[in-house]
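A.B. asks: Handing you a structure now.
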Amino acid sequence: MPTLETLFAFFGVAVLLGLTPGPDNVFVLLQSAQRGWRAGMCVVLGLCLGLVVHTAAVALGLAAVFAASATAFTVLKFLGAAYLAWLAWQALRAPAATAQPGLASDPGQVEEVRSGLLRMVGRGMFMNLTNPKVLIFFLAFLPQFADPARGSVAAQLMVFGVVFMLATLLVFGAIACFSGLFGTLLMRSARAQTWLNRVAGLVFLGLAVRLATAQR
């Protein structure tokens, strides 16, 4: 198992990486501002579930096989880019909302809210899994902290993956809460919501282009 000093150092680096502007934290920020902090936290949960898959792939050696396949990389990145483009289209055509969605007492409304939150979890997970750069980053980043003298490298990689997910949950969770509160204020204005939807659409479109043009 890694030493405590190594784990603390790794956690610090992971926090700094989470704070660095990138597609994932921008995605969380916009989704939280548009749909509230609950939806934002569900997106964060989905992203963390995606990290579970990436960590397992690195620990099992699957990531190296994927990284060596140009076809797999290309297919996955275009799938992710198409999904982001679809989100951009949805945001640009979304009507303005002037009420903050919340948990209602009517069973039908409660079920609708629950389904919406589950969709946000799926959205975050799909967003993470269809970004091949995340998998390649994990393949290059996690092994740097593993020490074969400390035992199974695969087990150490899984531990580092859990620590990375914890750092992601804390940093992205804070982003979701703060931007969600800001979004609540914006939801009082239909005009502000319209502009927020337009900004979100353009950002998603930019992320789609960035992912589609990414190189290994």
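A.B. asks: Which whole-number percent is the relative contact order of the chain (Cα, under 8 Å, 6+ apart)?
C.D. replies: On the way: 285 pairs, mean separation 98.0, N = 216.
Across the chain, relative contact order equals 45 percent.
A.B. asks: Go ahead and run the numbers for FRET between F182 and M1, Cβ-Cβ distance against an R0 of 41 Å, rounding to 0.05.
C.D. replies: On the way: r = 41 Å, r/R0 = 0.99.
E between F182 and M1, to the nearest 0.05, is 0.50.
A.B. asks: Could you give the size of the charge dipole of the chain about its Cα centre, using +1 on the Cβ of each K and R and -1 on the Cβ of each D and E, expressed in debye and rounded to the nearest 20? Provide the component values of the computation, followed by the final result.
C.D. replies: Values: 14 positive and 6 negative charges, 124 e Å.
Roughly 600 debye, rounded to the nearest 20.
A.B. asks: At 7 Å along the Cα-to-beta-carbon direction for both A64 and F11, put a label point, then send me their distance in nm to one decimal.
C.D. replies: Computed distance between label sites A64 and F11 equals 3.0 nm.
A.B. asks: Mind checking the angle between helix 4-19 and the chain's longest principal axis? C-alpha axes, 0 to 90 degrees, to the nearest 10.
C.D. replies: In the chain, helix 4-19 runs at an angle near 40 degrees to the longest axis.
A.B. asks: Using 0.36 nm per residue, how much length does the chain from W86 to F126 gain when fully extended, once their Cα-Cα distance is taken away? Don't skip to the answer; put the middle values down first.
C.D. replies: Numbers: separation 40, 0.36 × 40 = 14.40 nm, distance 1.29 nm.
My answer for the length gained is 13.1 nm.
A.B. asks: Solvent-accessible area of T74, probe 1.4 Å, all protein chains present, reported in Å² to the nearest ten, please.
C.D. replies: Solvent-accessible area, nearest 10 Å²: 60 Å².
A.B. asks: Match the structure shown to one of the listed values (i) 1, 7, 13, 17, 18, 15, 11, 8, 5, 3, 1, 0; (ii) 1, 7, 12, 12, 11, 10, 10, 9, 7, 6, 4, 4, 3, 2, 1, 1, 0; (iii) 1, 7, 16, 20, 22, 19, 10, 4, 1, 0 of P(r) over Cα pairs in 5 Å bins from 0, in percent, computed from it, and give that label.
C.D. replies: (i)
A.B. asks: Averaged per residue, what accessible surface does the chain expose to a 1.4 Å probe, in Å²? Present the calculation step by step, with values, prior to reporting the outcome.
C.D. replies: Values: 11070 Å² over 216 residues.
Ligands and nucleic acids excluded, the result is 51 Å² per residue.
A.B. asks: Once both labels are modelled 7 Å past Cα along the beta-carbon direction, what's the T194-A212 spacing in nm?
C.D. replies: In this crude label model, T194 to A212 measures out at 2.8 nm.
A.B. asks: Would you mind computing, in nm to one decimal, how far apart the modelled labels at L79 and F141 are, each placed 7 Å from Cα along Cα→Cβ?
C.D. replies: About 2.2 nm, to one decimal.
The values are calculated or read from the model by the stated rules, or taken from the named source; none is laboratory data. Just so it is clear, the model here is predicted, and its values are computed rather than measured. Counting neighbours? That spans all protein chains shown, and the Cβs are built from the backbone with ideal geometry, glycine included. Keep in mind that these areas ignore ligands, DNA and RNA; they rest on the heavy atoms of the full protein, side chains included. Shrake-Rupley method; radii C 1.70, N 1.55, O 1.52, S 1.80 Å.
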